[in-house]
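Report on the structure given below.
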Amino acid sequence: MTNDTSPLALYVHWPFCVSKCPYCDFNSHVRESVDQEAWRGAMLADLAHESAALPGRRLGSIFFGGGTPSLMPPETVAAVIEAAERHWGFESGIEITLEANPSSVEAARFADLAGAGVNRVSLGLQALDDDALRFLGRAHGVNEGLAALETAQAVFDRVSFDLIYARPDQDLTAWETELRRAIGFGTEHLSLYQLTIEPGTRFATMYEKGQLAAYDPDAAADLFEATRDITAAAGLPAYEISNHARPGAESRHNLTYWRYGDYAGVGPGAHGRRGGLATMRHKKPENWMAAVTRNGHGLQLEDPLAPHERAVEALVMGLRLPEGVHLPRVAALAGGTAPLDSRALAVLSDQGLVTQDGERLYVTAAGTPVLEAILRELVIA
């Protein structure tokens, strides 16, 4: 339990994809059919448990994510939103986001999802080039994706979409052209990620087989710098290392994560942070459902975080933001002193990679491209 009264975020994880879904990386989550009534009841029970653990709070945001949340029945979406408002109450102008793939099947459901209460959509376009989409394993083409974007902009109050750059054989000129085209569609928010080779992914397998070369770091840095310059000039400055928005259109939900606020997670595999506890739901849908039936919630773990762990998490998340972190708050989380290496802080400051202004610590524009290296040096894990 917590005495915090700041706005709360709610993450609702929908794990299911339909069969032959090209977007799902979790084959165990593909289902031919789902008992929607039973599923909805379990989700509402899991939600009720979290609300009892976080009383006296109001929701600032809800985010529907996971497998293919845009295929959730609108009745389920509406029921979750209604229950969340009943349990907690809503902040004025609450942000209710749903992740969607840019297929014509899902776009056809957008109006019903908006009617259920969703007011923001995050669309996974990923590229504006058909060859690149095939390389990324996407089933949609550019035309289908842009048609979905047009539908989303007509239906939802707020629209964001993502692109992946630093793709194989993509040079600076090609990316600048693609990015300017993306900005021209007029959305308020863009998530722009560099392609990375993560362990256990298809790209890692391709890399190990010599089918994919790692992008040159210097060239990637040039693309990153160009991305920042072009979006800022277009009125969508970076407010996080990979996210860009018009002033006032930043994702309130994600800002809760980066500012290390409390967020409740419900549904299979959902993680949460509340009052110094780390929560995790059972990942496999059947295990989660059995836990809800047995216990009234889907929790698998509910672990207290040590003060040092909380402070480290706050630093690692907060230094992604241009606004930086408030050092007295980090010190309070740590129960004493912020877990920063003073020698590394002095060196990084002299190099112009970090700066301290009063009680706030920031990573500078020069330091942002090498943020991960800075965190390894600076934060005492």
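The values are calculated or read from the model by the stated rules, or taken from the named source; none is laboratory data. Being a predicted model, the structure only gives us computed values, none of them experimental. Neighbour counts are summed over all protein chains in view; Cβ atoms, including those assigned to glycine, are modelled from backbone coordinates with ideal geometry.
Details
- Gly210 farther than 30 Å from Asn119 by Cβ and among the small types (Gly, Ala, Ser): yes
- Cβ separations smaller than 7 Å between residues 6+ apart or across chains give the following pairs from region 183-197 residues that are assigned by TED's automatic domain parsing to the domain that holds Gln126 and closer than 9 Å to Ile164 by Cα to residues that are among the hydrophobic types (A, V, I, L, M, F, W, C) and assigned to a loop (DSSP other than H, G, I, E, B): Gln194/Ala166; Leu195/Ala166.
- Residues within region 157-175 that are buried (at least 16 other Cβ atoms within 10 Å of the Cβ) and at negative phi, tallied: 11
- Search result, residues across region 179-199 that are assigned to a strand (DSSP E or B), among the hydroxyl-bearing types (Ser, Thr, Tyr) and buried (at least 16 other Cβ atoms within 10 Å of the Cβ): Ser191
- Qualifying residue in region 315-322 (condition: among the β-branched types (Val, Ile, Thr) and either assigned by TED's automatic domain parsing to the domain that holds Ile241 or crowded, with 22+ Cβ neighbours inside 10 Å (or both)): no
- Test: residue in region 244-252 that is closer than 28 Å to Ala147 by Cα, among the acidic types (Asp, Glu) and touching a residue at least 40 places away in the same chain (Cβ under 8 Å): yes
- Between Leu345, Leu301, Leu333, the distinction of being assigned to a strand (DSSP E or B) and over 21 Å from the mean Cα position of the chain (by Cα) belongs to Leu301 only.
- Region 122-149: number of residues that are farther than 19 Å from Ile197 by Cα, modelled with pLDDT of 95 or more and of a type in the set (A, V, I, L, M): 8
- Residue match in region 150-168 (condition: in contact with a Leu (Cβ under 7 Å, 6 or more places away or on another chain), under 21 Å from Gly65 (Cβ atoms) and either among the charged types (D, E, K, R) or outside the structural domain of Arg109 (by TED's automatic domain parsing) (or both)): yes
- Hits in region 329-356 (condition: free of Cβ contacts under 8 Å to residues at least 24 places away in the same chain and either acidic (Asp, Glu) or not assigned by TED's automatic domain parsing to the domain that holds Glu372 (or both)): Asp350
- Scan of region 200-226 for residues that are in a helix (DSSP H, G or I), aromatic (Phe, Trp, Tyr) and closer than 25 Å to Gly367 by Cα, ordered by number: Phe224
- Residue in region 114-129 that is surrounded by 14 or more Cβ atoms within 10 Å (Cβ to Cβ) and more than 24 Å from Thr97 (Cα to Cα) present: yes
- Long-range neighbours under 7 Å by Cβ, at least six apart or interchain, first residue modelled with pLDDT of 95 or more within region 97-121, second part of a loop (DSSP other than H, G, I, E, B) and of a type in the set (D, E, K, R): Asn119/Asp157; Arg120/Asp157
- For Pro285, the conditions (1) under 20 Å from Gly186 (Cβ atoms); (2) at pLDDT below 95; (3) not charged (D, E, K, R) are fulfilled apart from (1).
- Condition met for Ala278 (surrounded by fewer than 20 Cβ atoms within 10 Å (Cβ to Cβ), out of contact with any helix residue (DSSP H, G or I) (no Cβ under 7 Å at 6 or more places or on another chain) and assigned to a helix (DSSP H, G or I)): no
- Taking region 53-151 and the helices (runs of 4 or more DSSP H) fully enclosed by it, the elements with 1 or more residues that are farther than 25 Å from Ile183 by Cβ are at 74-88, 104-107, 110-116.
- Set side by side, the residues Gly358, Gly335 differ, and just one is of a type outside the set (Asp, Glu), more than 19 Å from Ala373 (Cβ to Cβ) and modelled with pLDDT under 95, which is Gly358.
- Selection status of Arg294, among the basic types (Lys, Arg), assigned to a strand (DSSP E or B) and either outside the structural domain of Leu348 (by TED's automatic domain parsing) or crowded, with 17+ Cβ neighbours inside 10 Å (or both): no
- Checked against (1) modelled with pLDDT under 95; (2) among the acidic types (Asp, Glu); (3) surrounded by 16 or more Cβ atoms within 10 Å (Cβ to Cβ), Asp46 passes all but condition (1).
- On inspection, Ile197 passes the criterion of being at pLDDT below 95, among the hydrophobic types (A, V, I, L, M, F, W, C) and within 19 Å of the chain's Cα centre (by Cα).
- Condition met for Glu91 (out of contact with any Phe, Trp or Tyr (no Cβ under 9 Å at 6 or more places or on another chain), closer than 18 Å to Leu44 by Cα and surrounded by fewer than 17 Cβ atoms within 10 Å (Cβ to Cβ)): no
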